[in-house]
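Below is one structure, written out as structure tokens; comments come after it.
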């Protein structure tokens, strides 16, 4: 059971308190976009091997949605940040 | 059933003055009906061996006689079925218990397994003779033809012959507990390394847990009484160390196996609390599952001795040398009188010396190596033990007990003619394999040490340290030092140092299958799954290349011992056959649990009535008293129907339906999800979340509300009432409430954080009582004095806040039955009182109470969908006939854009329709598939399936709803539902079966 830091509660807590909520920074487009753009918004995800920006909800705590960078290889949460904050630059990110 | 045992006197093999058992405290148990007198401290295995009993079971596939091989949890052969007679009961019987781990308990009933009719004569041992055709993958090659035999002949026969123990036929009456614990340092294994680690880590208020799977801490120290540590005899040092640790606040958990090492230092421990007790206090759990979150973990699990691979290495009496040393020194048991030793490691020499010193004859030490340390040969000479270097065992003799061994001099891969040597036990050692399973659970990397033929722990992503034999360190002094170092590193302290004498440090040479002068057909690699070296070579010959394929084809390492003894031998043989090095071939994946674990330990208290929470409404006790039959709906327990007298469900539901349509019915709808949506932007928020237009919904008005996902598919529905300009009472489906709230929170927090809206779950704040039927108003009216609820003042889809007999109430004029309907919402605390008032008033006019089944029928008669029954996550509003619920002029709502994708408007989408069976008495099965023609060739094209189906008392015939490809354009068509006993014809109709004009709603 991994440990996750809730950026709102400022506490590191077991995964059981949280629910996963999909990839982060997927912007809901304006309805005027093309079918392809809407399809991509609905169904196309990055599925990386390595750091993955994703959303979690502190469902059994404060109830807030926030973002996390989790390494899909090691299954470790590298960092978490509040909803609306931009994705942090990680060592090894291509600038 | 009678058993005969050859010339076995009680405890003839017990050596008085040896061991830690107390033979002044006898413990009696039975083995296949025969009384065994054990000494306090014995395991079942050590007690049987003390009586000279080696044969304890039959093997899995060939039913070969098998005996005790080890003295620990890695035991592959000595699997027994145990019943605690004092605790009693078939439900407390456990199959496949390892005799080496089960402590001798007064009154224990032990039975051997996998034998029929008896252990000494077993009918299926015929398989052993057939082994030529039962080799690796035989079941893939045989049992293929004819096809009709698959399920009628082969499978029953194979199933009857397969498996090890017999599962108990009754429920386990014991209880199991579950516990979370946190510590700074968890030490797994209380052998020398683990004890030293705990000593280094303890103190300064650090929370230290030390866990060991044995009933006694000490590990290998228990088999090394001659050693001294810091000038004290090993066992004195052990006792003092345990006292020191306890005084320092270390939690010592015995009979506790670390079964899994999960992320971020979460380690699962199973503590066997009562299996070693003849009787146990009722409040003690049988097992306790600890989930320990540790700051740092020290893995000091030791090493597991490897068997040598040669023909007949599985006969009873052939066992691991280290085990024999444990039986001698810990349990005071000689495993034989005239013992042969075959080894490739120094450790077995020390066993031979210890046995000789205890008065046992050691016929010879045969070592596969050409050279060993001169000190060993000198010590052997001192004791008069014959030494045979460059010598390998090539075969054994004896059926139920070894009688002798053929030993042959080897030169590389060839051997000279073998000589026969009589013995009553053969002790073997192929060296030691570090127990790296838990380390591997962490995704830790292993490094191959070619010189010793071992995989050693390398790097791990977890904060863990390895120590002792488990880290490849051999010998007492080095194990203590490495444990102290690991403990100190984990705790940030300085490692204590130890002075040791009588150390049995040594080395060995790795061997695969030993060379032989004969075709070695029964050189076993995996004892429990009966896999031989030949099977592994055959798998390679037949094209298996990956070790994972070899494993699955031969089943090596797939038994309940997970290959603890066999993995490395199997790998060495496979690598040789493949012409690769062992690290190139690689190990199979170690997975939790480390040892077989009861399901009950994992389930803990979550079974039976406490498996999950049962939510009950405040009206539930009334329903129970009224004789309701209940059904689970999500986590709720809901009244399904209220039978009168001897009514069946169908009869009760028909009566409830008729009464509701004719007079009135009263229904507990409290489980409906409720969310209070409040704030200046509440209307805007709901307008975006739901398909329906919400901005202009007037205060005191209700609206049906449909929620989609952004993919355009139906997710939930309910009714939204505007209580005030900035306040809405939103209902959801019973099962969807938490999901809907989470979705709303998601959009509110992350898509539209600018909206000023607050969401509160109010499901359990309100009791909701639905009154439906022509007399609903008549029943309700006397209780509402402060509001006009006439048809004119309070029309369909209205709500108002009023007083219900003095109780504050949100009254809705809504209907899920098509009848004049009201929903009375009152505070939950008043729910029971209000319910009884309404039921009392209802009874006076002939109304009834009804349950969920009648609710389902009544709504289906009106074609009202239930989300999750008519929908399955791929149904759009158009598919469900709910296009009218889409706000046509809205700029956006969740799901709006997706509905414009071309796929969402295809003519062949599955659309919701009604079905009338040709025979009005036939009720279709929900879930049944629908096809176009009864004579269509197989495979038929599935057009859709039945979603709801009932006998309608109102219509006097069956009705059904279904999703059918292009269904809306098929009105009047006849479709077919093929069932086991024939094809049912049905006509496609509208989903509104009753009162299509909706006149009754406005009554």
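The values are calculated or read from the model by the stated rules, or taken from the named source; none is laboratory data. Please read these numbers as outputs of a predicted model, since none were measured by experiment. Note: ideal-geometry Cβ built from the backbone for every residue, glycine included; neighbour counts use all protein chains shown.
The table below gives the values:
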| quantity | calculated |
| --- | --- |
| Filter result for residue B:366 (out of contact with any helix residue (DSSP H, G or I) (no Cβ under 9 Å at 6 or more places or on another chain), surrounded by 21 or more Cβ atoms within 10 Å (Cβ to Cβ) and free of Cβ contacts under 8 Å to residues at least 60 places away in the same chain) | yes |
| Residue count for the range B:597-619, restricted to those that are within 15 Å of residue B:286 (Cα to Cα) and either without any contact (Cβ under 8 Å) to a residue 12 or more places away in the chain or outside any helix (DSSP H, G or I) (or both) | 7 |
| Subset of the range B:488-530 [on the phi < 0 side of the Ramachandran plot, surrounded by fewer than 17 Cβ atoms within 10 Å (Cβ to Cβ) and at pLDDT 95 or above] | B:494, B:496, B:497, B:499, B:501 |
| Test: residue B:533 is surrounded by fewer than 22 Cβ atoms within 10 Å (Cβ to Cβ) and closer than 24 Å to residue B:449 by Cβ | no |
| Number of the exception - residue B:639 against (1) surrounded by 15 or more Cβ atoms within 10 Å (Cβ to Cβ); (2) on the phi > 0 side of the Ramachandran plot; (3) more than 21 Å from the chain's Cα centre (by Cα) | (2) |
| For residue A:16: the one exception among (1) within 15 Å of the chain's Cα centre (by Cα); (2) touching a residue at least 24 places away in the same chain (Cβ under 8 Å); (3) within 12 Å of chain B (Cβ to nearest Cβ) | (1) |
| Residue tally, condition buried (at least 24 other Cβ atoms within 10 Å of the Cβ) and within 22 Å of residue B:270 (Cα to Cα), over the range B:193-210 | 8 |
| Residue match in the range B:933-941 (condition: closer than 24 Å to residue B:882 by Cα and not assigned by TED's automatic domain parsing to the domain that holds residue B:855) | no |
| All positions within the range B:256-277 that are away from chain A (no Cβ under 14 Å) and closer than 12 Å to residue B:464 by Cβ | B:258 |
| Number of the exception - residue B:413 against (1) in contact with a strand residue (DSSP E or B) (Cβ under 8 Å, 6 or more places away or on another chain); (2) under 30 Å from residue B:587 (Cα atoms); (3) modelled with pLDDT under 95 | (1) |
| Among the candidates B:476, B:480, B:456, residue that is within 30 Å of the chain's Cα centre (by Cα) and modelled with pLDDT of 95 or more | B:456 |
| Single match in B:943, B:924, B:899 (criterion: at pLDDT 95 or above, out of contact with any helix residue (DSSP H, G or I) (no Cβ under 7 Å at 6 or more places or on another chain) and within 19 Å of residue B:709 (Cα to Cα)) | B:899 |
| Selection within the range A:1-13 - within 12 Å of another protein chain (Cβ to nearest Cβ) and surrounded by 15 or more Cβ atoms within 10 Å (Cβ to Cβ) | A:2, A:3, A:4, A:5, A:8, A:13 |
| Failed item, numbered, when residue B:361 is tested on (1) in contact (Cβ under 8 Å) with a residue 40 or more places away in the chain; (2) in contact with a strand residue (DSSP E or B) (Cβ under 9 Å, 6 or more places away or on another chain) | (1) |
| Hits in the range B:561-591 (condition: more than 18 Å from residue B:536 (Cβ to Cβ) and surrounded by 17 or more Cβ atoms within 10 Å (Cβ to Cβ)) | B:590 |
| Entirely in the range B:53-110, the strands (runs of 3 or more DSSP E) that have 1 or more residues that are within 22 Å of residue B:19 (Cβ to Cβ) and within 25 Å of the chain's Cα centre (by Cα) | B:79-84, B:94-98 |
| Selection from the range B:80-105 of residues that are touching a residue at least 60 places away in the same chain (Cβ under 8 Å), surrounded by fewer than 17 Cβ atoms within 10 Å (Cβ to Cβ) and within 19 Å of residue B:42 (Cα to Cα) | B:86 |
| Condition check for residue B:851: under 23 Å from residue B:620 (Cα atoms), buried (at least 23 other Cβ atoms within 10 Å of the Cβ) and over 49 Å from the mean Cα position of the chain (by Cα) | no |
| Top-ranked residue of the range B:111-123 - restricted to ones that are under 29 Å from the mean Cα position of the chain (by Cα) and over 21 Å from residue B:327 (Cβ atoms), ranked as modelled with the highest pLDDT | B:111 |
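Okay, residues lined up against (1) farther than 30 Å from residue B:954 by Cβ; (2) surrounded by 15 or more Cβ atoms within 10 Å (Cβ to Cβ):
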site	(1), (2)
B:755	yes, yes
B:783	no, yes
B:806	yes, no
B:813	no, yes
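Listed here are the residues, each with its yes/no results for (1) at pLDDT below 95; (2) assigned to a strand (DSSP E or B); (3) within 26 Å of the chain's Cα centre (by Cα).
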residue: B:288; (1), (2), (3): no, yes, yes
residue: B:291; (1), (2), (3): no, yes, yes
residue: B:296; (1), (2), (3): no, yes, no
residue: B:301; (1), (2), (3): no, no, yes
residue: B:307; (1), (2), (3): no, no, no
residue: B:314; (1), (2), (3): no, no, no
residue: B:319; (1), (2), (3): no, yes, no
residue: B:322; (1), (2), (3): no, no, no
residue: B:325; (1), (2), (3): no, no, no
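Rundown of residues vs (1) touching a residue at least 12 places away in the same chain (Cβ under 8 Å); (2) not in a loop (DSSP other than H, G, I, E, B), yes/no style:
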position	(1), (2)
B:511	yes, no
B:525	yes, yes
B:536	yes, yes
B:539	yes, yes
B:545	yes, no
B:558	yes, no
B:580	no, no
B:583	yes, yes
B:594	yes, no
